[in-house]
1. Pairs, please: C-beta under 6 Å, at least 6 apart or cross-chain, first residue surrounded by 15 or more Cβ atoms within 10 Å (Cβ to Cβ) and in the range 32-56, second β-branched (Val, Ile, Thr) and at pLDDT 80 or above?
2. Quick check on my filter: what residues within the range 42-66 are hydroxyl-bearing (Ser, Thr, Tyr) and assigned to a loop (DSSP other than H, G, I, E, B)?
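The values are calculated or read from the model by the stated rules, or taken from the named source; none is laboratory data. The structure displayed is predicted, hence computed values, not measured ones. Heads up, the Cβs are rebuilt from the backbone with ideal geometry, glycines too, and the neighbour counts pull from every protein chain shown.
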Amino acid sequence: MTCTGNRDLFDDFGVAASPTTGLASIIYSDDQFDPNGPNSAGCDATANNTSTCDHTAIATQTSGSGIFTTKKK
């Protein structure tokens, strides 16, 4: 049995919600090369899954119900 990844544990993340829309954003550490996104200097497909590609990523909710609810009066 072989392993193709490494032992990085990037479990550092945070969650925030917009106070006006209630839509959530998740901010997390990532070490993956993204061909369509901004990458740190020196990060390319050959450096994927290494400390060379360490960066902060953000995933933002763009639709659906927000996490805040408003009560009708």
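1. Filtered contacts from the range 32-56: 43/52.
2. Answer for the range 42-66, where residues must be hydroxyl-bearing (Ser, Thr, Tyr) and assigned to a loop (DSSP other than H, G, I, E, B): 50, 62, 63, 65.
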